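Colleague: Pasting in a structure now, in structure tokens, and then I'll have a few things to ask.
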Amino acid sequence: MKTRLQLLSLLVITLTQFTLLAQEPAAVIDAAKFKTLQAALDAVPAGGGMVKLPPGKFELTEPLWVHTEDTRLEGAGTATHLINKNEEGQPALLLRAKDYAKSKKKLWRIQLGNFRISGNPKSGDGLLAEGINEIFIQG
């Protein structure tokens, strides 16, 4: 009985270690170091992370797409301004898994904070979230 318990304990510890190693650690990504804001969002690893938006006015002609769960998009307060310039009714910010249209895959824990979004009468919504569980919007 004692041997079985020891083997079971060893198996649980081994599986736990493999599970922890399989997940990529969260990252902090400075969007100012990327050519575009979308490139910074695309750099978020599968394990999630925080994308720090610098101060400035960012004119968007197509939606910024957050497609990785456990992701926080963090601005510099009102100094970070996303301006939706498209005139096709698309949102400024799209929260959705890459293959959502086919698989209806859901994303968990998307956080948005400390930036503002504006548009024009022909632009779409400021934010469109599809298949998202646990959205946190701050500031």
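Colleague: Can you give the Kirkwood hydrodynamic radius of the stretch 24-138 from its Cα pairs, in Å with one decimal?
Modeller: Values: mean 1/r = 0.0709 Å⁻¹.
For the stretch 24-138, the Kirkwood estimate is 14.1 Å.
Colleague: Just to verify a number: FRET efficiency for residue 32 and residue 109, C-beta to C-beta distance, R0 = 30 Å, to 0.05?
Modeller: Working: r = 24 Å, r/R0 = 0.81.
Working from the Cβ atoms, E equals 0.80.
Colleague: Determine, for 118, 103, the number of other Cβ atoms within 10 Å of each Cβ, and report the residues in order from fewest to most.
Modeller: Details: 118 13, 103 10.
In order of increasing Cβ crowding within 10 Å: 103, 118.
Colleague: Report the FRET efficiency, 1/(1 + (r/R0)^6), for residue 98 and residue 118, where r is their Cβ-Cβ distance and R0 is 30 Å, rounded to 0.05.
Modeller: So the FRET efficiency works out to roughly 0.65.
Colleague: Next up: Cα to Cα, under 24 Å, and not fewer than 8 places away if on the same chain: which lysines meet these conditions relative to residue 85?
Modeller: 33, 35, 52, 57, 98, 122
Colleague: Counting other beta carbons within 10 Å of each Cβ, put 44, 28 in order, fewest first. Could the numbers behind the result be given before it?
Modeller: Details: 44 23, 28 10.
Ascending number of Cβ neighbours within 10 Å: 28, 44.
Colleague: At most 16 other Cβ atoms within 10 Å and a DSSP loop assignment: could you name the GluC sites (Glu not before Pro) in the stretch 46-139 that fit?
Modeller: Numbers: sites: 59, 69, 74, 87, 88, 130, 134; in loops: 69, 87, 88, 130.
Here the GluC sites (Glu not before Pro) that fit, given the DSSP loop and packing criteria, are 87, 88, 130.
Colleague: Please arrange 78, 68 by how many other C-beta atoms lie within 10 Å of their C-beta, fewest to most.
Modeller: Numbers: 78 11, 68 20.
Taking fewest neighbouring Cβ atoms as first place, the list is 78, 68.
Colleague: Amide H of residue 48: which non-local residues (sequence gap of 5 or more, or other chain) have their own amide H closer than 5 Å, using H built in the peptide plane?
Modeller: none
Every number in this text was worked out from the coordinates using simple rules, so none of it is lab data. In this text, all values refer to a predicted model and were calculated from it rather than measured experimentally. When we count neighbours, we look across all protein chains shown, and the Cβ atoms used for this are built from the backbone with ideal geometry, even at glycine.
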